[in-house]
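First comes the structure, then the notes that go with it.
The values are calculated or read from the model by the stated rules, or taken from the named source; none is laboratory data. Quick caveat, the model's predicted, so the values are computed rather than measured. Here the Cβ positions follow ideal geometry from the backbone for every residue, glycine too, while neighbour counts run over all protein chains shown.
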Ligand code: NAD
């Protein structure tokens, strides 16, 4: 098996030159990356079209534009993030001052998936560079054209001892995991997340795991059905449902189910046309294997909308299945495709119970006009993050750290969250030598009595 020891050693040596600790160096690197992404915009759009049939609109809004925005935000704020943060000091420490220093881990490994093959490789890299690390990126083998462009951009921007892209599949990933990195950032499936964490545990390497799961979307009886339908249709069928935070399934209140489904049908027609299989801008399924897996779900429940496929083009229409229960095969694992199962409920407690009996989702969405109903769900269900009256949109705010909980992930990123994820937080007490409060010492008269005044 090929090893990557020399690459990691070269990066470690480069890290030890302290060049990446210089904030001006980091800013220059981020600016260089930004120019390159702009320069490669068309090539990225072409590669995303070739790998997944992503439209230029989706390629820009969910991948290229997202990365540019993350770069702009990071460049703007980095100078303030890198400063040691002054925090309070308790009275027991009188005379001293307290700070949190952010220091880079060293050499980071970033492993990314195929569904947003550009964004999910580059967004973590922005955090890694901002925090002063060197990085190795292993993009997905299932989107080879985009991964090649990622490699081209990075090799033109940076020397390999600072940032390197390693192309390859599972074997390459496993060979990289044998090396000693200082932090690992993985985006992908729950099953592979466990493999990553196990490999990291052997060397006590900290991990950030951005995983998946079944993200519920609730449409309550008082929801604005037209708005809900459009936002759900967009969140579900962007990238043909191959989005980690897409609504995986719907819970719709029985009173509004029929009305809502009519609105959903109208929204699909509005966004993707009467014949989505003929729409040249509808994303395809990434591989034959994923297509086969999804096609078997079309047998579940009753088809309310869609259901048609084009096997040769690996395309599946936006599909809505009703009369679904937790016992249907489609409800076992994350769907990760354009099929939306719908369950009905009467009481909110059924929804809370149903979700609570399954692994913690990455996202949750609730549509309601009643703030208390929303709060009831937010406070009783554990999930990574989500929206009230929207889907997916929380992902795009640099002020909201993004990540999962339980099996949907460990850690978070985006905006300052990315900088923090790639930084060790070093707590420092700066003590004065002018005074020396005696009560901590064992030889003080009535020491125990005195210390009890402060520690109680
Ligand atoms: P995956 O786990 O199969 O692969 C992800 C990466 O891991 C790829 O680079 C792949 O080469 C590598 N890999 C695969 N098998 C491996 C193994 N045995 N050992 C080491 N490395 C291995 O995931 P995927 O199919 O590319 O992506 C889809 C999954 O990613 C979904 O579950 C989705 O929910 C999740 N996802 C999560 C987020 C998030 O931000 N939380 C974003 C996108 C996708």
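Quick notes on this one:
- When the stretch 200-230 is filtered for residues that are out of contact with any strand residue (DSSP E or B) (no Cβ under 8 Å at 6 or more places or on another chain) and over 30 Å from residue 367 (Cβ atoms), the ones remaining, listed by number, are 201, 202, 203, 204.
- Residue satisfying condition, being in contact (Cβ under 8 Å) with a residue 60 or more places away in the chain, within 18 Å of residue 120 (Cβ to Cβ) and away from the ligand (no atom under 11 Å from the Cβ), within set 207, 166: 207
- In the stretch 419-449, the residue that is surrounded by the fewest Cβ atoms within 10 Å (Cβ to Cβ) out of those that are under 48 Å from the mean Cα position of the chain (by Cα) and part of a helix (DSSP H, G or I) is 440.
- When residue 281 is tested against the conditions (1) modelled with pLDDT of 95 or more; (2) in a loop (DSSP other than H, G, I, E, B); (3) under 18 Å from residue 54 (Cβ atoms), the lone failure is (1).
- Some residue of the stretch 136-143 being surrounded by 17 or more Cβ atoms within 10 Å (Cβ to Cβ) and either assigned to a helix (DSSP H, G or I) or away from the ligand (no atom under 13 Å from the Cβ) (or both): no
- Per-region count, the stretch 318-353, residues in contact with a strand residue (DSSP E or B) (Cβ under 7 Å, 6 or more places away or on another chain) and either over 18 Å from residue 217 (Cβ atoms) or assigned to a helix (DSSP H, G or I) (or both): 3
- Residue within the stretch 65-79 that is within 27 Å of residue 148 (Cα to Cα), assigned to a loop (DSSP other than H, G, I, E, B) and within 16 Å of the ligand (Cβ to nearest atom) present: no
- In the stretch 88-99 there is at least one residue that is touching a helix residue (DSSP H, G or I) at 6+ places or on another chain (Cβ under 8 Å), in contact (Cβ under 8 Å) with a residue 24 or more places away in the chain and in a helix (DSSP H, G or I).
- Residue within the stretch 408-418 that is more than 16 Å from the ligand (Cβ to nearest atom) and crowded, with 18+ Cβ neighbours inside 10 Å present: yes
- Boolean, residue 103 is surrounded by fewer than 16 Cβ atoms within 10 Å (Cβ to Cβ) and within 30 Å of residue 169 (Cβ to Cβ): no
- Residue 34 within 30 Å of residue 199 (Cβ to Cβ), more than 16 Å from the ligand (Cβ to nearest atom) and in a helix (DSSP H, G or I): no
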